[in-house]
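The values are calculated or read from the model by the stated rules, or taken from the named source; none is laboratory data. Values in this document were obtained by computation on a predicted structure and should not be read as measured data. Every residue, glycine as well, gets a Cβ built from its backbone with ideal geometry; the counts of neighbours run over all protein chains shown.
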Amino acid sequence: MEIILLFIRIFLFVVFAVAGIGKLLDLEGSEKAVKAFGAPEELAKTLAIGLPVAEIIFAVCLLFVSTSWLGAIGALLLLVSFIGGMIWQLAQGNAPDCHCFGAIHSEPVSKKSLIRNGVFAILALFLVAQGRENQGLGLTDLTNEMAIQLIIGLATIGLLGTVVFFLKRISEQQTQIMRRIEVLELISHDGGAEVEREEVGNLHEGLPLGAPFPDFELADINGKTVAFEHLLGKAKHILFFFVSPTCNPCKALLPEIETWQTELQEKIQFVFISSGEVGENLDKLGGTGFKQILLQKDRELAEAVNARWTPTALLVNTDGAIASHPAGGDAAIRQLVEKIKTENFDEDLLFVTNGTPTKIGESVPEFSLKDLQGREITAADFQGKKTLVTFWNTTCPFCVGMMDDLREWDAAKKPGEPNLIVFSTGEPDAHEELNLKSPIVLDEEFKVSDKFGMSGTPSAVLVNENGRIVSETAVGASNIWALIGRRK
């Protein structure tokens, strides 16, 4: 029994010493991990240093019989704190980087990390239960025979650990090989177009940048209802992945998605939108890391955002606005993620474009024009409330086609809905017949409209309450309505 107690002490010494040293070698990562677990900003740096120092102190205490019991108590308290924090984060739907071994090894919180810490806690509890006076043999008490047994035991554990490490590496290599085979198979069939695309969407795919992402309530794989507002409450950008349990490219891309999730977990939450049964989704998409998988009844949410293929990725801002065009296929998704990595997440307007110029983030241009009633309209009229700025032409058949809906909305706007200003050209009489309550400004040759980013008629942009353009130019009736969250 005494040799067993010594063996446990040495094992826990190695675990805590490696964990403490690993964290000290990556203090920046340790600070980020502490913040991710909810520590106050002002305490994060202190805790990032204090935690590994405590781990090293408890590790040293475990080596000696006289201090082992205190070291075991300290180790147990730390482990219980770690386990409690992990359970809390998982219950909230989060998977922060545990940073358990710092620069040496780190991974998102998962059931695996919970089980690992649980085993360590049981060993520490076992030492505590033995009492102060019964902590096993001291290092100087070992006979030659005992020392040989201890060395053999430690060597066996080390060998098993090495075997497990290399088996994991082989498994990862096999996964990559299978991924390449699946991709080649898919490319050789008609479905190959779903695998690879050459760009991150285009201007006419999906909803316009700046439009609100459709509201939803979907069940997750545990049967819990998750609403869009719940995700927004975490104050992180959201990267949606539209997938399917029957989609081979989705499974093939999974290891890369898990890597991206680890790299970007402090800035972006990853959410999978799938369909089908829980079991088949777990079998196909479970992988090794934590995933939030929400299940559509059919493809209702995917169709609402024009995510036509699987896999497709779509970025959404912290305020719920669409921040990228749909990236369909593994090549386009990789390109989108690489662009996301280069973005400044401190900006209040984060949008990932495909190179097409937009006016997003710019202030409305300085101008002065009169509306049909002779009132002067200037840039100051865009302050204080969101405004839908539409570009019109009474001779445009598409404009005429959406006029009844626009008039109806203008007459019955709710208090929280944006103001409306129409820039148009032509004769005043033709515009008066439109019977809009909101101002119509005649902008001959669209000189001011061009500065807003007008792209033909009908088109529109959304301006926020601070007078900044917060959407790309939406072209056509359906995209214009999408800017204000209406589906036509």
| remark: The residue from ILE257, ILE333, ILE273 that alone is modelled with pLDDT of 90 or more and either farther than 23 Å from PRO214 by Cα or among the basic types (Lys, Arg) (or both) is ILE257
| task | Go through segment 404-488 and tell me which strands (runs of 3 or more DSSP E), entirely inside it, have 3 or more residues that are crowded, with 21+ Cβ neighbours inside 10 Å. | result | 419-424, 459-463
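Going through LYS251, LYS284 one at a time, which residue ends up being in contact (Cβ under 8 Å) with a residue 40 or more places away in the chain, of a type in the set (D, E, K, R) and part of a helix (DSSP H, G or I)?
LYS251
Just name the residue that is farthest from HIS325 (Cα to Cα) out of those in segment 238-248 that are assigned to a loop (DSSP other than H, G, I, E, B) and in contact with a helix residue (DSSP H, G or I) (Cβ under 7 Å, 6 or more places away or on another chain).
Start the filter on segment 238-248 by keeping residues that are assigned to a loop (DSSP other than H, G, I, E, B), which leaves 243-247.
If we keep only those that are in contact with a helix residue (DSSP H, G or I) (Cβ under 7 Å, 6 or more places away or on another chain) as well, we get 243-245.
Numbers: VAL243: 16, SER244: 20, PRO245: 23 Å.
Within segment 238-248, the match that is farthest from HIS325 (Cα to Cα) is PRO245.
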| query | Residues in segment 316-330: is at least one under 24 Å from GLU256 (Cα atoms), assigned to a loop (DSSP other than H, G, I, E, B) and among the small types (Gly, Ala, Ser)? | reply | yes
| field | Residue among ILE480, ILE440 that alone is in contact with a helix residue (DSSP H, G or I) (Cβ under 7 Å, 6 or more places away or on another chain), farther than 14 Å from ALA321 by Cα and in contact (Cβ under 8 Å) with a residue 24 or more places away in the chain | value | ILE440
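Would you confirm whether any residue within segment 369-392 is β-branched (Val, Ile, Thr), on the phi < 0 side of the Ramachandran plot, part of a strand (DSSP E or B) and modelled with pLDDT under 90? Spell out how you get there, then give the answer.
Pass one, segment 369-392, residues β-branched (Val, Ile, Thr): 377-378, 387, 389-390.
In the following step, the residues that additionally are on the phi < 0 side of the Ramachandran plot were identified as 377-378, 387, 389-390.
Subset that is part of a strand (DSSP E or B): 377-378, 387, 389-390.
Filter once more, keeping what is modelled with pLDDT under 90: none.
Scanning segment 369-392, I find no residue that is β-branched (Val, Ile, Thr), on the phi < 0 side of the Ramachandran plot, part of a strand (DSSP E or B) and modelled with pLDDT under 90, so the answer is no.
Could you please find all residues in segment 242-281 being among the basic types (Lys, Arg) and under 19 Å from ALA331 (Cβ atoms)?
Pass one, segment 242-281, residues among the basic types (Lys, Arg): 251, 267.
Of everything in segment 242-281, just one residue is among the basic types (Lys, Arg) and under 19 Å from ALA331 (Cβ atoms), namely LYS251.
How many residues are hydrophobic (A, V, I, L, M, F, W, C) and in a strand (DSSP E or B) when one looks only at segment 215-237? Talk me through it step by step, then tell me what you get.
Of segment 215-237, the ones hydrophobic (A, V, I, L, M, F, W, C) are 216, 218-219, 221, 226-228, 231-232, 235.
Those still in the list that are in a strand (DSSP E or B) too: 218-219, 226-227.
Total satisfying the criteria: 4.
Taking only segment 409-455 into account, find how many residues are of a type in the set (D, E, K, R), farther than 16 Å from LEU372 by Cβ and over 37 Å from the mean Cα position of the chain (by Cα). Working first, answer last.
Our first condition is that a residue be of a type in the set (D, E, K, R); within segment 409-455, this holds for 410, 413-414, 417, 427, 429, 432-433, 437, 443-445, 447, 450-451.
Next, only the ones that are farther than 16 Å from LEU372 by Cβ stay: 413-414, 417, 445, 447, 450-451.
Adding the requirement that they be over 37 Å from the mean Cα position of the chain (by Cα) leaves 445, 447.
Within segment 409-455, residues that are of a type in the set (D, E, K, R), farther than 16 Å from LEU372 by Cβ and over 37 Å from the mean Cα position of the chain (by Cα) number 2.
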| remark: Going through segment 25-46 in order, the residues found to be out of contact with any Lys or Arg (no Cβ under 9 Å at 6 or more places or on another chain), assigned to a helix (DSSP H, G or I) and surrounded by 17 or more Cβ atoms within 10 Å (Cβ to Cβ) are LYS32, LYS35, ALA36
